[in-house]
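*Asks:* Let me begin by handing over the structure; questions about it come next.
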Amino acid sequence: MSIVRIDAINVRNIRKISVYPSERINLICGPNGSGKSSFLEAIYLLALGKSFRTHQIQKVVTSGADTLIVFAECVSKHGLPVSLGIERGTSITRLRVNGSSVGAVSELAQLLPVQLINPDSHHLIEMGPRYRRKFVDWGMFHVEQEFFPIWSRFNQALRQRNAALRKGSEDSEIMVWHGEMSHCAHRISDLRSTYISELLPLASRITKKLLGTGELDIRFSPGWSTDEQYHIYLERSTKLDRSLGYTRQGPHRADLNINIAGVPAKDQLSRGEQKMLATSLRLSQIELLREKTGQTCVLLVDDLPSELDSERRSRLIGHLVDLACQVFITATEKELLAERLEIIDKVFHVEHGNIKEMI
């Protein structure tokens, strides 16, 4: 899927724009605060129904407006036209595909896979497990059709068990959910483990190319001890879980152990190196998506030159070209990418929320 045209209305300081991007590499340049990141935010909103900068949608809606609107005309991997639209406000969410209303953001996300690389990318390496679970589950959602339904079933059962724990229900009422949770938990973990094993060779190659460090290793931790079946853990832990009011372990606590040459990456890499490693991991997801499904991804790269020297910038941009997907890159000045400017298909200048294509 690639975007042929995108309209955004009332997205931060963007009042109203229509942009016709290239299907390959697009550079969005302009001073800080001009609206570059807001433009990427509009694309992200269209695909995932939320912002990557805040959980409060009203902060994204232009001051004085009630809702924001993002609309895009796209082309599918089969060359078919697809239109997507979203309207969001404090108390409203409207989603449309080809002019018809749809009920879940997942329907937009499935059609328009979007991957984001920004200055916070190092959180994947440095911060807590939820960042790494989100990383894995992005890939699972797009390459494994079975994953999202079974993950939804597990979460529904988990919410019911947690509610019963907090309510002080009898053990028999709590254990009603153990069978469903256990079945889903083992399948989720099997799918995640397989995904990581498929991703690792791609990630190792890209990491070596872009970062030039030692051997990459990624170990999947399912979120509970694999020495016992999950339903046995649930039964054994009911008393303690009841005292805490929640289920302590399970797929919702899964994690990845990311090591370079046998040492945790977060302990040996600088902030800039962590960003490059996280970037390599996300690029490997895009390659695996194409290998498994034939589908391409829209890649948003916010503030590419940040903390990268010219050599690493050049390597990264070269790899973006090889990805053969639609890319949107923001930078304060196009000269920051001068070493590979020839591969940029379209350049847009942003100022005060207005976007203009540069000829």
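The values are calculated or read from the model by the stated rules, or taken from the named source; none is laboratory data. Keep in mind that this is a model prediction, so the values were computed, not measured. A quick note on method: Cβ atoms are made from the backbone with ideal geometry, for glycine too, and the neighbour counts reach across all protein chains shown.
*Asks:* Residue 296 is checked against (1) surrounded by 14 or more Cβ atoms within 10 Å (Cβ to Cβ); (2) part of a helix (DSSP H, G or I) and fails just one. What number does that condition carry?
*Replies:* Every listed condition holds for residue 296 apart from (2).
*Asks:* Still on this structure, I have one more. How many residues are loosely packed, with under 14 Cβ neighbours inside 10 Å and either part of a loop (DSSP other than H, G, I, E, B) or touching a strand residue (DSSP E or B) at 6+ places or on another chain (Cβ under 6 Å) (or both) when one looks only at region 52-66?
*Replies:* Initially, region 52-66 is screened for residues loosely packed, with under 14 Cβ neighbours inside 10 Å, giving 54-56, 59, 63-64, 66.
Subset that is either part of a loop (DSSP other than H, G, I, E, B) or touching a strand residue (DSSP E or B) at 6+ places or on another chain (Cβ under 6 Å) (or both): 54-56, 63-64, 66.
Of the residues in region 52-66, 6 are loosely packed, with under 14 Cβ neighbours inside 10 Å and either part of a loop (DSSP other than H, G, I, E, B) or touching a strand residue (DSSP E or B) at 6+ places or on another chain (Cβ under 6 Å) (or both).
*Asks:* On to the next question. Of all residues in region 246-258, which are surrounded by fewer than 16 Cβ atoms within 10 Å (Cβ to Cβ) and either in a strand (DSSP E or B) or at pLDDT below 95 (or both)?
*Replies:* Result: 257, single match.
*Asks:* Is it the case that some residue within region 129-147 is free of Cβ contacts under 8 Å to residues at least 12 places away in the same chain, of a type in the set (A, V, I, L, M, F, W, C) and more than 21 Å from residue 45 (Cα to Cα)?
*Replies:* no
*Asks:* Working only within region 151-195, note down all residues that are farther than 14 Å from residue 233 by Cα and β-branched (Val, Ile, Thr).
*Replies:* Scanning region 151-195 gives 176, 188, 194.
*Asks:* Which of the residues belonging to region 198-223 are on the phi < 0 side of the Ramachandran plot and part of a loop (DSSP other than H, G, I, E, B)?
*Replies:* Result: 211, 213, 214, 215, 222.
*Asks:* Then there is this: When you check residue 73 against the structure, is it of a type in the set (Asp, Glu), without any contact (Cβ under 8 Å) to a residue 24 or more places away in the chain and surrounded by fewer than 18 Cβ atoms within 10 Å (Cβ to Cβ), yes or no? Show your work before the answer.
*Replies:* On the way: of a type in the set (Asp, Glu): yes; without any contact (Cβ under 8 Å) to a residue 24 or more places away in the chain: no; surrounded by fewer than 18 Cβ atoms within 10 Å (Cβ to Cβ): yes.
Answer is no for this residue.
*Asks:* Just checking, does region 117-133 include any residue being within 22 Å of residue 230 (Cβ to Cβ), of a type outside the set (S, T, N, Q), assigned to a helix (DSSP H, G or I) and in contact with a Phe, Trp or Tyr (Cβ under 9 Å, 6 or more places away or on another chain)?
*Replies:* no
*Asks:* For region 199-237, name all the residues that are crowded, with 18+ Cβ neighbours inside 10 Å and among the β-branched types (Val, Ile, Thr).
*Replies:* Within region 199-237, 206, 207, 218 meet the criteria.
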